[in-house]
Amino acid sequence: MKRLMVVALFAAGWMLAAAAQAAGVHFLAPQDGAVVQSPVKVRMAVEGMKVAPAGKLVPGTGHFHILIDEGPMPKGVVIPKDARHLHFGKGQTEAVVELTPGKHRLTLQFADGLHRSYGKAWAQTITITVR
């Protein structure tokens, strides 16, 4: 009986740890290290929050930004809007991004309804090569 209880507790702990690790944002496409052609089709996902349009502060929601050749933005910092900071404030989960040939670092950053970054915990950075 003790052994069964230990196994059950271990399994429950492992499942909780896996769920905690899954929270955050993820590039569904392209994959890290991919060789692609421009324009690049990007697919984005989030676990642990919901995607919502920008403009309103609703707890547990946000929208995506792609930062080109930059890393994550610090928590609470408003993400600028320019050619290197792409905003998807309508709640988009897919985009087509024009990139020049060469190696690029893409950071998927989740932010609140006022474009304030949720920080590194809600970001993923990948490197791709554009032909």
**OP:** Take Met73, Met49 and order them by how many other Cβ atoms sit within 10 Å, fewest up front.
**Re:** Met49, Met73
Original post:
In whole Å, what is the distance between the alpha-carbon centres of segment 71-92 and segment 94-124?
Top reply: 7 Å
Subject >> Distance between modelled label sites at Lys56 and Ala29, nm, 7 Å Cα→Cβ extension >> reply: 3.2 nm
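Laboratory data are not the source of any read-out in this text; all were calculated from the coordinates shown. Since the model is a prediction, treat every value here as computed from it, not as a measurement. Virtual Cβ from ideal backbone geometry, glycine too; neighbours counted across all protein chains shown.
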